[in-house]
1. Considering only Val326, Val283, Val311, give the residue with the highest GNM mean-square fluctuation for the chain, with springs between Cα atoms whenever their separation is below 10 Å.
2. Which value, in Å² and to the nearest 10, is the accessible area of Phe247 when all protein chains are kept and the probe is 1.4 Å?
3. I want the antiparallel fraction of DSSP beta bridges within the chain, as a percent rounded to 5.
4. Checking the cross-link filter: which lysines have an alpha carbon closer than 30 Å to that of Lys79, excluding same-chain neighbours under 8 positions apart?
5. For segment 231-339, what size does the Cα cloud have along each of its three principal axes, sorted from largest down, in whole Å?
6. Under the Kirkwood approximation for Rh and a Cα-based Rg, what ratio Rg/Rh is obtained for the chain?
7. Determine the dipole magnitude for segment 222-340: charges of +1 sit on the beta-carbon of Lys and Arg, -1 on that of Asp and Glu, nothing else is charged, the reference point is the Cα centre, and the result goes in debye to the nearest 20.
8. Which one, Met287, Met305, Met61, has the greatest fluctuation when you compute a Gaussian network model over the chain with C-alpha springs under 10 angstrom?
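The values are calculated or read from the model by the stated rules, or taken from the named source; none is laboratory data. Source: prediction; values computed, not measured. Backbone-built Cβ (ideal geometry, glycine too); neighbour counts: all protein chains shown. Protein only, heavy atoms only, side chains kept; ligands, DNA and RNA dropped before computing areas. Shrake-Rupley method; radii C 1.70, N 1.55, O 1.52, S 1.80 Å.
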Amino acid sequence: MKPSVLIIYTGGTIGMINDPLTGELKSFDFNLIDEHVPELNRLNVDMTTISFSTPIDSSNMQPENWVEIGELIEANYSKFDGFVVLHGSDTMAYTGSALSFMFDGLRKPVIITGSQLPIGTIRTDGKENLITAIEIAASKDSSGEPIIQEVAIYFEYHLYRGNRSTKDSASNFQAIKSPNLTELAAAGVNIEYRHEILYRTTSTDLTVQKAFNKRVALIKLYPGIDFTIYKSVFDRAKVDGIVLETFGAGNAPKSADLEQLCSEFITEGGYILNITQCNTGKVQHGMYETSSLFDRIGVISGADMTAEAAVTKMMSVLANSDREDVSQCLSENLRGELTI
Ligand code: ASP
């Protein structure tokens, strides 16, 4: 029997064509995808497509849209061998992270892809991305188990873990990278999987955590930063969690304002997660004097998480975990998103 793949089109450049009259890029009816990519008919895969009622530029993606994608996968989980989510590249890494935290017990591939040029243009990167993403979503090992059992992003010959990915280029075909974890697979003549790093769940059943707490803020430090400008971000009436993007191995300038804002925020029940602005390496509290404050006042180390993973993890954990579990969930490795 042919493997079956559900393709969910959310929007983004991949599903656009040039309107011959106006020259503008617009979304086409994705149910007619095989008219634009006739090669799909030669894949040995049964494909079904579903489209968002109004496809969106991924800059407009909201947690509600992550839930919509998650619910489509949940409702169709037993009917398909794998899932391909077509998505704009701008916020693809946020969706790749958010979906990974939503699904506990996932044992099928959820492959997100998109493109830098519309699928209807001659030099499009969309065809290869789409075809290989479908092939990966349909792939099983010799015992009939899906090879990928996690949320991943396929872009320009590379498959990355969703919650390790980041948008790296606004113009190169290689738009997505995974700076702190090697690729899960490389597509050349063959698709070479790195079996030793593929994520495997220990949960038996699929559960989908659909709540996200939007009372989360992200602050990137810079030399000269005046923390009093950010006072309202540390206001517990409005904010439950803050991701701090610090320097190097998790360092911040010595500042009485920062110390006071952070410690009051935490004492009042807020959570602060420390991640680094560096692309590679990780936060190590106490390595320098400029980070030892954080351990003392209860800031949590985000290790080598991307900003995308840190923000979505905080949104998910704050909405779905009991109060006494939040700190532990934030610091531990839930879905392969960090290296302890
Ligand atoms: N702005 C587009 C989007 O993210 C870019 C893309 O599709 O890659 O939806």
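1. It is Val326.
2. 60 Å²
3. Working: 18 of 49 bridges.
Around 35 percent antiparallel, to the nearest 5.
4. Lys2, Lys108, Lys127, Lys140, Lys210, Lys313
5. 34, 33, 20
6. 1.00
7. About 120 debye.
8. Met287
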